[in-house]
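Inspection log for the structure reproduced underneath, given as structure tokens.
The values are calculated or read from the model by the stated rules, or taken from the named source; none is laboratory data. Predicted model, so just to flag it, every value in this text is computed and none were measured. In this analysis, Cβ positions are derived from the backbone assuming ideal geometry, glycine residues included, and neighbour counts consider all displayed protein chains.
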Amino acid sequence: MSREQPLSEASRRALGEELLRELQELVTHYPKRRAALIPALHRCQEELGGWLTPEILEACAEYFGLEPVEVFGVASFYPMFHLSPMGRHVIGVCHNVACELRGAQDILAKVCEVTGAPVGGHSPDGRFSVSTVECQGACCAAPMIDMDGVFHENLSEADVVRILGGVR
């Protein structure tokens, strides 16, 4: 799709007029339209429910003149994009070597206990999603969790209770 071609009605509905205006501004900051795909996916996820539905991926593909499989490939490659509904608070527990050696399994168990969410799942009330994540580059402060994009480091199980208790 070139910039001159209008979007389908389905894509306009999936993205919404306000987000479309934002995407139009966003692409002006990149040498090629498709280079804005990753920031656009971030904005879509932030504004449209915390995850990328198939309809949103297809609308982005149409907007950027890409095949839907190309957009899905990007969205499925990066762990910061979610392809299924997520809880209001997204918690990633690092499980790489430094964190594992310093108690990541105990931290993960405590996160699951406090939130009620299984690893890879959601709490019954839908407030929390819990997963394990690869190295977050905080090895010197292991063990750590990433909650809603904020790192919490040098954790004990008591820290987990305190941190999560404050968001329930």
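Observations on the model:
- Those helices (runs of 4 or more DSSP H) of region 1-86 in which at least 1 residues are under 29 Å from T132 (Cα atoms), considering only elements entirely within it, cover 37-47, 54-64, 68-77.
- Residue match in region 66-77 (condition: in contact (Cβ under 8 Å) with a residue 12 or more places away in the chain, touching a Ser or Thr at 6+ places or on another chain (Cβ under 9 Å) and surrounded by fewer than 20 Cβ atoms within 10 Å (Cβ to Cβ)): no
- Residue list for region 92-130, restricted to those being assigned to a strand (DSSP E or B), at pLDDT below 95 and surrounded by fewer than 19 Cβ atoms within 10 Å (Cβ to Cβ): G121
- In this entry, C135 passes the filter for residues that are assigned to a loop (DSSP other than H, G, I, E, B) and either buried (at least 19 other Cβ atoms within 10 Å of the Cβ) or within 21 Å of the chain's Cα centre (by Cα) (or both).
- Boolean, P39 is over 30 Å from A138 (Cβ atoms), out of contact with any Gly (no Cβ under 7 Å at 6 or more places or on another chain) and surrounded by fewer than 18 Cβ atoms within 10 Å (Cβ to Cβ): no
- Residue within region 150-158 that is of a type outside the set (S, T, Y) and part of a helix (DSSP H, G or I) present: yes
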